[in-house]
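What follows draws every value from the coordinates through simple rules; no lab data is involved. Small disclaimer: the values here were computed from a predicted structure and weren't measured. Backbone-built Cβ (ideal geometry, glycine too); neighbour counts: all protein chains shown.
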Amino acid sequence: MGKSDTRKSTLADTKKRRKTQDCKVFTCKLDDSHLSKEKKEYLNRLFLEAKWLRNYIIARNDIFNETDKHDFVIVLNKDGVEEKRDLTCLSSQMKQGILNQIKDDISGLSVSKKKGRKVGKLKFKSRVNSINMQQFEQTYRIVGKNHIMLQCFKKRFRVRGLKQIPNNAEIANAKLLRKPSGYYIAITCFVPKVERIKTGKEIGFDFGIGTHITDTEGKKNNWKFQETKRHKRLQRKVNKTYKKKKEI
């Protein structure tokens, strides 16, 4: 059996397995308290290089014949002068992910155009906030219970939220995200489908004041949420500040 036959067989097995699975995305946050200066500089540079490469490829003539094997790009600086800038942080698969995303965006515009919608060309971006992690265990991998590693960077990143991924999940690709609140990684997983048992019964809920929730079967539920010590302390601080301003 040749490589092409093996690849076809693997794809067929994967398609068959996907019919018995649900796709879910679990978003985890890179722990800010464990981001050293070196790690922050790396992440900032990573997204900066992603912007350079994306804009560089869009400016090319034949994108669908474009290669992802770029060690440097040519960009225009703020004075409009061309500069050579090295890509030192983006891994080969990250570059491939950026190129594939551009091709998908163009294909999406083409489909919209065929449907009669008015579309334009892809625009240059002043900021890129997501990078595709195409292959689990290659572009990124999970280390232990609370860490991940990214391709071409030797140090681990502490992550919050990995516990939400079920043990029986099949981990696939991911996206590294940059938001105002920090850095995140959205991990795509495939989990076994859970069959829902249809009882034929309908149930309704009534939300009230005296009783929080009453269902159609007459069951009543009340919840009491205990105020945390931190919330009480902050509330006292706000009240004191308000009183001082009122006295002035």
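Its Cα gyration tensor gives segment 100-160 an equivalent ellipsoid; the semi-axes, largest first and in whole Å, are 36, 12, 10.
Taking Cα centre as origin and charging only the Cβ of basic (Lys, Arg, +1) and acidic (Asp, Glu, -1) residues, the dipole magnitude of segment 54-157 rounds to 560 debye.
Our summary gives segment 16-192 a relative contact order of 32 percent, counting only alpha carbon pairs under 8 angstrom and 6 or more residues apart. For GLN21, the amide hydrogen comes within under 5 Å of the amide hydrogens of LYS193, counting only partners 5 or more places away or on other chains and with H modelled in the peptide plane. Taking amide H atoms as placed 1.01 Å from N in the peptide plane, the amide H of TYR183 lies under 5 Å from those of LEU30, each 5 or more residues away in sequence or on another chain.
Based on DSSP H segments of at least four residues, each scored -39500 (n - 2.57), the chain has a per-residue ellipticity at 222 nm of -11000 deg cm²/dmol.
Take the alpha carbon gyration tensor of segment 52-123, find the square roots of its eigenvalues, order them as a ≥ b ≥ c, and report rounded if a/c is under 1.5; if not, report prolate when a/b exceeds b/c, else oblate. Cα axes put segment 52-123 in the oblate bin. A simple spin-label model places pseudo-atoms 7 Å from Cα toward Cβ; at GLU170 and LYS155 they are separated by 3.6 nm. Calculate, for LYS19 and SER181, the FRET efficiency according to 1/(1 + (r/R0)^6) with r their C-beta to C-beta distance and R0 35 Å; round to the nearest 0.05. Once rounded, the FRET efficiency stands at 0.45. Once backbone amide H atoms are built at 1.01 Å from N, VAL143 has ILE148, MET149 as its partners under 5 Å, excluding neighbours fewer than 5 places away on the same chain.
Considering only ALA172, THR27, GLN226, the residue lying farthest towards the positive end of the dipole of the chain is GLN226, judged by Cα position with unit charges set on Cβ. Across the chain, Cα-Cα pairs farther apart than 33 Å form 46% of the total. With all pairs of separate Cα atoms included, segment 123-228 yields a Kirkwood hydrodynamic radius of 18.4 Å. Where the alpha-carbon atoms of segment 1-125 are placed on the principal axes, they occupy 54, 47, 35 Å, in descending order. With the simple model of a label 7 Å out from the Cα in the direction of the Cβ, ILE203 to PHE72 spans 6.6 nm.
With Cα atoms defining each centre, segment 30-57 and segment 169-183 are spaced 13 Å apart in the structure.
Scattering from segment 1-70 was approximated by placing one identical point on each alpha carbon and applying the Debye formula without solvent; log10 I(q)/I(0) at 0.14, 0.25 1/Å stands at -0.92, -1.00. Computed 3J(HN,Hα) for segment 214-222, one whole-Hz value per residue from the Karplus formula 6.51 cos²θ - 1.76 cosθ + 1.60 where θ = phi - 60°, is 10, 8, 5, 8, x, 6, 10, 9, 10, glycine and proline marked x. Taking a ≥ b ≥ c as the square roots of the eigenvalues of the alpha-carbon gyration tensor, segment 126-173 is classed prolate because a/c is 1.5 or more and a/b outweighs b/c. If the limit is 25 Å between Cα atoms, which of LYS163/LYS219; LYS29/LYS51; LYS95/LYS163; LYS16/LYS193 go over it? From LYS163/LYS219; LYS29/LYS51; LYS95/LYS163; LYS16/LYS193, over 25 Å: LYS163/LYS219; LYS95/LYS163. In order along segment 135-145, the phi-based Karplus estimate (6.51 cos²θ - 1.76 cosθ + 1.60, θ = phi - 60°) of 3J(HN,Hα) comes to 9, 5, 6, 10, 5, 8, 8, 8, 10, x, 9 Hz; Gly and Pro are listed as x. The phi torsions of segment 168-179, fed into the Karplus equation with coefficients 6.51, -1.76 and 1.60 and a -60° offset, translate into couplings of 8, 7, 9, 7, 10, 6, 8, 10, 8, 10, 10, 10 Hz, rounded to whole numbers, with Gly and Pro shown as x. Between ILE63 and SER126, how high is the FRET efficiency from 1/(1 + (r/R0)^6) when r is the Cβ-Cβ distance and R₀ = 25 Å? Nearest 0.05. Calculated value: 0.80. Remark: the chain carries a charge dipole of roughly 1180 debye about the Cα centre, counting +1 on each Lys and Arg Cβ and -1 on each Asp and Glu Cβ.
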